[in-house]
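Encoded as structure tokens, the structure appears first; notes follow it.
The values are calculated or read from the model by the stated rules, or taken from the named source; none is laboratory data. Being a predicted model, the structure only gives us computed values, none of them experimental. Every residue, glycine as well, gets a Cβ built from its backbone with ideal geometry; the counts of neighbours run over all protein chains shown. What goes into the accessible areas is simple: the full protein's heavy atoms, side chains included, and nothing from ligands, DNA or RNA. Shrake-Rupley method; radii C 1.70, N 1.55, O 1.52, S 1.80 Å.
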Amino acid sequence: MSIYQICSRCVMDTTDTLISFDERQVCDHCNTFDKLTVPNWDTGTRGQTQLTGLVSTIKRQGQGNDFDCIIGMSGGIDSSYLTYIAKEKMGLRPLVFHVDAGWNSQIAVNNIERLIDGLGLDLFTEVIDWQEMRDLQLAFFKSGVPHIDAPQDHAFFATMYKFATQHNVKYILTGANLSTECIRNPVEWMYYQSDSRQLLDIHRQFGTRPLKTFPVTSILWHKVWLPYFKGIRVVKPLNMVPYIKEEAKQLLIDRFGWQPYAQKHFESRFTKFYESYWLPKRFGYDVRRVQYSSLIVTGQMTRDEALELLKKPSYDESMIGQEIEFVSNKLGISVKELNSYMALPRKTYKDYKNQRQLYDYGARVMRAMGMEIGGKR
Ligand SMILES: [Zn+2]
């Protein structure tokens, strides 16, 4: 029986079973942040120089094309703010790219529309075949693993990489950032969603129909082939500018009539159900710990505020019945069937084929070359 412990600086605790603490009871996430992230992350002069360089390269390479980069847009705060920065601060001509996996909330749809209209940009929406999406999501429920949101995430990225390849776009801008995500979900909680070996093995065992159009990527294709052989780069401009979540939110509200969400990633109704209810209830993993801890170490929230918020569950107790019904209906199963998956034996990514070693190796190389800051563990 292990003893419960919580970090004295952030709110990560032993629900992350690989967490370790130093003599001041500070966790390894905080120590990694101090040692590896802080020295390599500058949104002042150095970030500005980096950004200026990036802008001129993107513009040069995009000359003659209808647009010079693509931005993956979910309607959430990170991608919304990024879109604003790309157009207004970087002066780019982005094509805004949205992948509709069937779970958009109404707020997300409104937010995307408001940003696009307000900034005068073009939107391209790719719709994932719903029958295949549903089949994959059900396969993940049946597999018993915690990372059942992998099909959505996988589809988002794979579709974007495919589009960039087909249209010869060299730059993909993502809203991934250190300001709100410097502490990452442990691999144990949320295994790499881009691992196609895992995705396909789970589908092979639990799927009921072939994946004919579902977009599949693989780590070697998007981390090696695309950047080094095709020159297609994924960049994170939000790490080069000051990005304060509350200020960004206010700007989006004032300027575009953007609507905030109760919690990060709630733009997808599936992710909302999964992160606020399914994951904490079935596995005890509360992603708010990770999100709040990122805000704490970057000075955007106090530890006391986080602890206060964590006292309440992240789902709305008066609405959760309806939420469960919505998800069941959408997936075409009964509430009883959905609940039966809650009671399955708990599995991990290790119970299925996976490329974990390749991810670990890749992360080591990227960190050694200074191309990735922080990272998952
Ligand atoms: Zn900590």
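Remark: the Cα gyration tensor places segment 1-104 in the oblate category, a/c being 1.5 or greater and a/b not exceeding b/c.
Per-residue ellipticity at 222 nm from helix content only, as computed over the chain with -39500 (n - 2.57) for each DSSP H run of at least four residues, stands at -13000 deg cm²/dmol. With an a/c value of 1.5 or above and a/b larger than b/c for the gyration tensor axes a ≥ b ≥ c computed over the alpha-carbon atoms, segment 288-346 is described as prolate. I need the fraction of alpha carbon pairs in segment 192-271 separated by more than 15 Å, rounded to a whole percent. Roughly 76 percent, once rounded to a whole number. In segment 141-296, Rg over Rh equals 0.98, where Rg is the alpha-carbon radius of gyration and Rh the Kirkwood radius from pairwise Cα distances. Computed about the Cα centre, the dipole magnitude for the chain is approximately 960 debye when only Lys and Arg (+1) and Asp and Glu (-1) carry charge, each at its Cβ. For segment 2-52, the Kirkwood estimate of hydrodynamic radius, built from reciprocal distances between every pair of different alpha carbons, is 12.6 Å. Cα-based radius of gyration for the chain, normalised by 2.2 N^0.38 Å, reads 0.97. Remark: segment 157-238 carries a charge dipole of roughly 340 debye about the Cα centre, counting +1 on each Lys and Arg Cβ and -1 on each Asp and Glu Cβ.
Split the accessible area of the chain by element, probe 1.4 Å, and carbon with sulfur accounts for 51%.
Set Lys and Arg Cβ to +1 and Asp and Glu Cβ to -1, take the dipole of segment 1-116 about its Cα centre, and tell me which of ASN31, THR83, SER20 lies farthest positive. In segment 1-116, that residue is THR83. For the chain, relative contact order (Cα pairs under 8 Å, six or more residues apart, normalised by length) works out to 23 percent. Stokes-Einstein diffusion of segment 228-376 at 20 °C, 1.002 mPa s viscosity, Kirkwood radius from Cα pairs, rounded to a whole number: 113 µm²/s. Ordering VAL187, GLY175, ILE202 by the projection of their Cα atoms onto the charge dipole of segment 164-220, which places +1 on the Cβ of Lys and Arg and -1 on the Cβ of Asp and Glu, puts ILE202 at the extreme positive end.
Toward the positive end of the charge dipole of segment 44-149, with +1 on the Cβ of Lys and Arg and -1 on the Cβ of Asp and Glu, the farthest Cα among LEU92, VAL55, THR45 is that of THR45.
Taken along its principal axes, the alpha carbon cloud of segment 64-218 reaches lengths of 47, 34, 30 Å, longest axis first.
When both bridge partners sit in the chain, DSSP labels roughly 15% of those beta bridges antiparallel.
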